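All remarks here apply to the structure that follows.
The numbers here are math on the coordinates, done by the rules we state, and not lab data. Since this is a predicted model, take the numbers as computed values, not measurements. Neighbour counts run over all protein chains shown; Cβ positions are idealised from the backbone, glycine included.
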Amino acid sequence: MKDIENLGKILGLLISILYLVFFQGNLTYQWVCFLLILVTIGIPHGAIDHLLERPRLDPKFLTFFILKYLLIIGSYLILWVFVPLFSLIAFILMSAYHFGQSHFIHSPIEKHKTFTYLAIGGFYLSVILWGDFEATSSIVGSVISIENFEIFGKYLIGSLFVLTGILIWINKKNTFWIWVTEMLVIGGVLFSLPLLLGFILYFGFWHALPSMAFEFKTLKIRLGISGFKPFIKMLLPFSTISILGIFLILWFVQGKMGQEQLILLFFVLVSLISAPHIWFMNRFIERSQN
Ligand SMILES: CC1=C(/C=C/C(C)=C/C=C/C(C)=C/C=O)C(C)(C)CCC1
């Protein structure tokens, strides 16, 4: 499993280098990478939350689980409608925690867990968002005007880097330099990329793929499955529903919105399915590590 994750990270770096050397400014390259990574790893990594709670299919449990999922989605949708700025900030904080948690999925930490997850996830997210601040600012523009926040980027990224470094030192002295080097190299690369390409490469290869590998490892033991085929079959139903749902909604409203607003709507839809996923994944990871 570690091989697949390392391969994913190498592929992520390769796509970045190819972009920076040969495809700078090429929109087709960015969109093809974005869509491919989103539908093959990004969405599927969150499509088996029900099996992580209860590996063997039980119709009564599944109905109850779906209802709980829909309740969280519905409540968060109401928040987006009435308090969009609060919802955006909550989404970014939840995501920082969730992304940070996946960095330690195979090598758990003991001290200042929540703080460490938020710091490392926050570091990578800030690098991505401030690396292409113009794009970030125009996408979130209909919720909040952040033009004046550009200057804070270097302070935020710098502080989160130092803070994460201290927390890694407290938790993982032996591998401290590996973590710091990864933050410098990957952080530097992500900062140089356009927003959506940087986001999808980090999301796909530093978050979704390691999470999916962990899910596979756990289900393999619990269900005694071997090979990838049955696992892929498990991922298919909810991945298909989510992908079709998101693209149908975007398709219906595309004529009424500009590109930036459509991208924001895309992330709002992602946030709606992410909220319950982050909650269930947190329970699953914490339970597996204890
Ligand atoms: C990239 C980007 C954003 C943040 C996206 C985030 C935070 C996504 C998180 C996804 C998760 C947590 C998926 C679940 O596994 C903004 C600020 C909305 C708009 C500008 C572009």
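Observations, loosely collected:
- Among SER192, SER137, the order by Cβ neighbours within 10 angstrom, fewest to most, reads SER192, SER137.
- In the chain, the C-alpha radius of gyration followed by the widest Cα-Cα span (Dmax) gives 18.8, 54 angstrom.
- Extension reserve of the VAL180-ASN6 stretch, reckoned as 0.36 nm per residue once the Cα distance is removed: 60.9 nm
- Mean-position separation - Cα centroids, the range 212-230 and the range 2-60, in angstrom: 18
- Those chymotrypsin sites (Phe, Trp or Tyr not before Pro) in the range 208-268 that DSSP places in a loop and that have at most 15 other beta carbons within 10 Å: PHE228
- Mean Kyte hydropathy of -1.0 or more with a Cα span along the axis of at least 18 Å, helices from DSSP in the chain: 2-22, 59-82, 84-103, 113-131, 153-171, 176-192, 209-223, 229-253, 259-289
- The range 1-50: C-alpha gyration tensor shape, a/c 1.5 cut-off, then a/b vs b/c: oblate
- Length released on extending from ILE241 to GLU110, taking residue separation times 0.36 nm less the Cα-Cα span: 43.5 nm
- Per DSSP, loop trypsin sites (Lys or Arg not before Pro) in the range 97-177 with at most 14 further Cβ within 10 Å: LYS111
- Taking a point 7 Å from the Cα of LEU14 along the Cα-to-Cβ direction, none of the residues of the range 163-205 has its backbone N closer than 11 Å to it.
- Fluctuation leader among TYR202, TYR117, TYR155 - the chain, Gaussian network, Cα springs under 10 angstrom: TYR155
- Pairwise label distance in nanometres, ASP58 with ASN26, each label 7 Å out on the Cα-Cβ vector: 5.1
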